[in-house]
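S.K.: Input: one structure, supplied below.
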Amino acid sequence: MDVDPITRGNRFCERFGGQFPVMLAPMAGACPPALSIAIMKAGGWGAAGCLMMQPEQIAAWADEVRSAAGSAFQLNVWIPETAPRPEPDREAEWRHFLSRWCDTPAPDPLPSPLPDFAAQCEAMLAGRPAAISSIMGVFPAEFVAKLKAAGIPWMASVTTVAEAKEAAQAGADVIVAQGMEAGGHRGTFDQSAAEATQVGLSSLLPSIVDAVDVPVVATGGIADGRGIAAAFMLGASAVQIGTGFLRCTESAIPSSWKDAIGRALPEETILTRAFTGRAGRAIDTAFARTAARPDAPQPAAYPWQRLLTQPMTAAARDDDDIDRMQAWSGQSGGLAGEGPAGDLVENLWQAAREHLSAARSRR
Ligand SMILES: Cc1cc2nc3c(=O)[nH]c(=O)nc-3n(C[C@H](O)[C@H](O)[C@H](O)COP(=O)(O)O)c2cc1C
């Protein structure tokens, strides 16, 4: 028989690290060292989304966080797929569409897309994190072997039961079940299925817990003690929170994005490919809504769409202009707390424990 939820969380920490099982979710471009340091000092887990980071930036992030707060952090990367060739007609349509939103056009030709994946993987290994995590697929077998040899657990983010089984089969030590409520990109292995396979966390999580033999971390729409307790009741061994930490003092996102998260009702986010070419959940800003209209061009493939919108999204950050900002948010943004992240994470776990203890004493 399964242990009670709090014991399950304690066992997760004994095996993988941290003092309690609440983790900052990896968020490319939104995980400054200070945010992880604050959460780790309080007893939770830190994280870096390394997608856009060069190897030396990954090393510097890991060094800074470890020297300040230890090693209970994960380093995360997207599994790459062969980039499709840019489509000139689509690109021309988008250059025209975007000219109404930003005076600076994307460079022509579009620049070389992304840092080298193999070099990022080596830098993550050298960073000696408590775990390395993947999204949008599984690591190649050679890298899984290196992880095992280094004794670094692999946490695989998935969005369906079939993906969970595939990742466990490929050697994942932990499955991260990402519900469709999640902010940012969906971790779907087959990106063309990202819209069609949307499953909410309350269905996804227990089904994955039943389907695999490894611990399961819950993520997507969790932002307060009730959500954490509910995830544990559904079989989670830990939770990952992304949007719920973005309004904290140590989060470096622009203030208009923080404010928009705090105001957003669950129905005021949108799943959109308009920023990057891949499906991600964002605040339904003016740009995201306009790009969803039937007369807007179809998004180009990833990473070309990201490169096309990059001047606009960079200008939006500089100007703190939410209308044009790539403002990722999950469906529970309105529950996100403010203030120092260390206080928030402690309070979240305390509230969750109270809910779980109350449930236990009623049994
Ligand atoms: C700004 C932002 C960036 C994200 N970047 C990544 C990423 O690089 N890698 C990843 O695995 N997940 C990424 N995610 C998804 C989170 O790891 C997590 O699944 C999600 O935040 C959970 O939902 P929540 O935002 O409702 O807490 C990102 C999410 C946000 C909000």
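S.K.: If the Cβ limit is 7 Å and pairs must be 6+ apart or interchain, which residue in the stretch 111-135 that is closer than 13 Å to residue 49 by Cβ pairs with which residue that is in a helix (DSSP H, G or I)?
M.R.: Correct list of pairs: 120/55; 120/58; 124/58; 129/62; 132/124; 132/147.
S.K.: Counting just the residues of the stretch 277-295 that are charged (D, E, K, R) and surrounded by fewer than 17 Cβ atoms within 10 Å (Cβ to Cβ), which one comes out farthest from residue 86 (Cα to Cα)?
M.R.: Within the stretch 277-295, the first condition is being charged (D, E, K, R), and the residues that meet it are 278, 281, 284, 289, 293, 295.
Filter again for surrounded by fewer than 17 Cβ atoms within 10 Å (Cβ to Cβ), leaving 289, 293, 295.
Values: 289: 24, 293: 23, 295: 21 Å.
The residue in question is 289.
S.K.: Quick check on my filter: what residues within the stretch 61-96 are among the acidic types (Asp, Glu) and surrounded by 17 or more Cβ atoms within 10 Å (Cβ to Cβ)? If you could, list the steps in order and put the result at the bottom.
M.R.: Here is the first cut: in the stretch 61-96, the residues among the acidic types (Asp, Glu) are 63-64, 81, 87, 89, 91, 93.
91, the sole residue that qualifies.
S.K.: Among the candidates 249, 219, 160, 243, single out the residue that is polar (S, T, N, Q) and more than 23 Å from residue 38 (Cβ to Cβ).
M.R.: Numbers: 249 fails: more than 23 Å from residue 38 (Cβ to Cβ); 219 fails: more than 23 Å from residue 38 (Cβ to Cβ); 243 fails: more than 23 Å from residue 38 (Cβ to Cβ).
Result of the check over 249, 219, 160, 243: 160.
S.K.: Return yes or no: is residue 176 more than 13 Å from the ligand (Cβ to nearest atom) and buried (at least 16 other Cβ atoms within 10 Å of the Cβ)?
M.R.: Numbers: more than 13 Å from the ligand (Cβ to nearest atom): no; buried (at least 16 other Cβ atoms within 10 Å of the Cβ): yes.
For residue 176, the condition - more than 13 Å from the ligand (Cβ to nearest atom) and buried (at least 16 other Cβ atoms within 10 Å of the Cβ) - is not met.
S.K.: Restricting to the stretch 66-81, give me the number of residues that are within 16 Å of the ligand (Cβ to nearest atom) and not in a loop (DSSP other than H, G, I, E, B). Talk me through it step by step, then tell me what you get.
M.R.: As a first pass, look at the stretch 66-81 and keep what is within 16 Å of the ligand (Cβ to nearest atom): 73-81.
If we keep only those that are not in a loop (DSSP other than H, G, I, E, B) as well, we get 73-78.
Residues that pass the stated criteria total 6.
S.K.: Next question, about the same structure. Pull out all pairs, ordered by first then second residue, where Cβ-Cβ is under 8 Å, the residues are six or more apart or on different chains, the first lies in the stretch 235-258 and is in a loop (DSSP other than H, G, I, E, B), and the second is more than 11 Å from the ligand (Cβ to nearest atom) and at pLDDT below 95.
M.R.: Here the result reads 235/2, each pair linking the stretch 235-258 to a residue that is more than 11 Å from the ligand (Cβ to nearest atom) and at pLDDT below 95.
S.K.: If we keep just the residues of the stretch 1-60 that are assigned to a helix (DSSP H, G or I) and of a type in the set (S, T, N, Q), which is surrounded by the most Cβ atoms within 10 Å (Cβ to Cβ)? Talk me through it step by step, then tell me what you get.
M.R.: Kept after step one, since they are assigned to a helix (DSSP H, G or I), are these residues of the stretch 1-60: 5-16, 33-42, 55-60.
Those still in the list that are of a type in the set (S, T, N, Q) too: 7, 10, 36, 57.
Working: 7: 10, 10: 16, 36: 29, 57: 15.
Checking each candidate, the answer is 36.
S.K.: For the list (1) modelled with pLDDT of 95 or more; (2) within 27 Å of residue 316 (Cα to Cα), I need the number of the one condition that residue 88 fails.
M.R.: If we test residue 88 against (1) modelled with pLDDT of 95 or more; (2) within 27 Å of residue 316 (Cα to Cα), just (1) comes out false.
S.K.: Looking only at the stretch 195-222, which residues are in contact with a strand residue (DSSP E or B) (Cβ under 8 Å, 6 or more places away or on another chain) and hydrophobic (A, V, I, L, M, F, W, C)? Explain how you work it out, then say what you get.
M.R.: Step one: filter the stretch 195-222 for residues in contact with a strand residue (DSSP E or B) (Cβ under 8 Å, 6 or more places away or on another chain), giving 195, 198, 201, 204-205, 208-209, 212, 214-220, 222.
Within the stretch 195-222, 201, 204, 205, 208, 209, 212, 214, 216, 217, 218, 222 meet the criteria.
S.K.: Still on this model: Mind telling me which of the residues 298, 331, 310 ends up being at pLDDT 95 or above, within 28 Å of residue 81 (Cβ to Cβ) and within 12 Å of the ligand (Cβ to nearest atom)?
M.R.: Values: 298 fails: within 12 Å of the ligand (Cβ to nearest atom); 310 fails: within 12 Å of the ligand (Cβ to nearest atom).
Just one listed residue meets the conditions, 331.
The values are calculated or read from the model by the stated rules, or taken from the named source; none is laboratory data. Remember, predicted model here, so these are calculated numbers, not experimental data. Please note: Cβ atoms are built from the backbone with ideal geometry, for glycine as well, and neighbour counts cover all protein chains shown.
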